[in-house]
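Read the structure below first, then the notes.
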Amino acid sequence: MKYTPLPRSFYERYAVDVAKSLLGKLLVRELEGRFLVGKIVEVEAYRGIDDPASHAYRGKTPRNYIMWEAPGLAYIYLAYGVNWCLNIVAEPKGCPAAVLIRALEPLEGIEVMRKNRGVARLRDLTSGPGKLTQAMSIDSRFNGWDLTKGKLLYVAEPPSLENFDIVATRRIGIKRGLDKKWRFYIKGNLFVSRV
DNA sequence: TGTGTGATAGTCT
DNA sequence: GACTATCACACAT
């Protein structure tokens, strides 16, 4: 195995802390024998009954039940009928919470991502939640996928740690829960969806 | 370089 | 029947 997946304990914490800790980590997708790798540069935290912007706010449904499952699972839903969005379940099982992966910096398999996206500009490859799932060929087949197994789709520690500043802002595309600054991104990174 | 708007379909009321 | 954790394109600047 080329990359080592983060353990379940990493995700079994307060979702806001998990979100911040995910910045700088690698999202790894094995596709047809090739590695597609991107550095996570933008995330958002969503919780449960104290967060009106969260899918979990109004209780468990057939769509959102994964948020109540074990930390480290993938929760994937369709946004606006066109874009798949990738979340990672956080906090102990039974406590609904998740972290939305909003943007990546492409590191490996860039030509495959370009083909999947059908765009030429490097900066448009993975600079948004719907864009990165398209670039990495992630859809509802991965709903409930265990990201700690280290197969096909997982999150891994980067080979070397670099220093960066974290910016906290309001979350994007929501109308409720605007008081919470639970969107985090790497300051100055070119692939953040918007500053 | 930025703002406005239509497409699109699953989900819940 | 309304709403939505988005994207891409047009158009103006």
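Comparing mean-square fluctuations of A:Pro52, A:Pro129, A:Pro71 from a GNM of chain A with C-alpha springs under 10 Å, the top value falls on A:Pro52.
How would the stretch A:8-186 be classified by its alpha-carbon gyration tensor: rounded, prolate or oblate, with rounded meaning a/c under 1.5 and the a/b versus b/c comparison settling the rest? Note, shape of the stretch A:8-186 comes out rounded. Across chain A, the mean sequence separation of Cα contacts (distance under 8 Å, 6 or more residues apart), normalised by length, yields a relative contact order of 28 percent. Overall shape: oblate for the stretch A:149-190, with the ratio a/c of the largest to smallest alpha carbon gyration tensor axis at 1.5 or above and b/c at least equal to a/b. Cross-link partners for A:Lys187 among the lysines, with Cα-Cα distance under 18 Å and sequence neighbours closer than 8 places in the same chain left out: A:Lys20, A:Lys25, A:Lys39.
If you place +1 on the Cβ of every Lys and Arg, -1 on the Cβ of every Asp and Glu, and leave all else neutral, what size is the dipole of the stretch A:1-144 about its Cα centre, to the nearest 20 Debye? Could you put the intermediate results ahead of the total?
Working: 21 positive and 15 negative charges, 48 e Å.
That gives the stretch A:1-144 a dipole magnitude of about 240 debye.
Calculated mean residue ellipticity, 222 nm, chain A: -3500 deg cm²/dmol, from DSSP H runs (n ≥ 4) at -39500 (n - 2.57) each, averaged per residue and rounded to 500.
Structure remark: mean-square fluctuation, Gaussian network model of chain A, C-alpha springs under 10 Å; the largest value among A:Val112, A:Val155, A:Val43 belongs to A:Val112.
Label sites at A:Arg141 and A:Ala120, each approximated as a point 7 angstrom past Cα along Cα to Cβ, lie 3.0 nm apart. Build a GNM of chain A with springs between Cα atoms under 10 Å apart, and of A:Gly81, A:Gly59, A:Gly94 the one that fluctuates most is A:Gly81. Rounded to the nearest Å, what's the spacing between the alpha carbon centres of the stretch A:2-31 and the stretch A:167-195? Just the number, please. Comparing the Cα centres of the stretch A:2-31 and the stretch A:167-195, I get a distance of 19 Å. Is the stretch A:93-195 best put as rounded, prolate or oblate by its Cα gyration tensor, with a ≥ b ≥ c the root eigenvalues, rounded for a/c under 1.5, and otherwise prolate when a/b is larger than b/c, oblate when not? Taking the square roots of the gyration eigenvalues as a ≥ b ≥ c, the stretch A:93-195 is rounded. Annotation: extensible slack from A:Ile166 through A:Glu111 equals 16.9 nm (criterion: 0.36 nm per residue apart, minus Cα-Cα distance). One chain, two ends: A:Tyr14 and A:Leu31. Fully extended at 0.36 nm per residue, the span grows by 3.0 nm beyond their Cα-Cα distance.
Where a number appears in this text, it was derived from the coordinates with a stated rule and is not lab data. Since this is a predicted model, take the numbers as computed values, not measurements. Methodologically, a virtual Cβ is constructed for each residue, glycine included, from the backbone with ideal geometry; neighbour enumeration extends over all protein chains shown.
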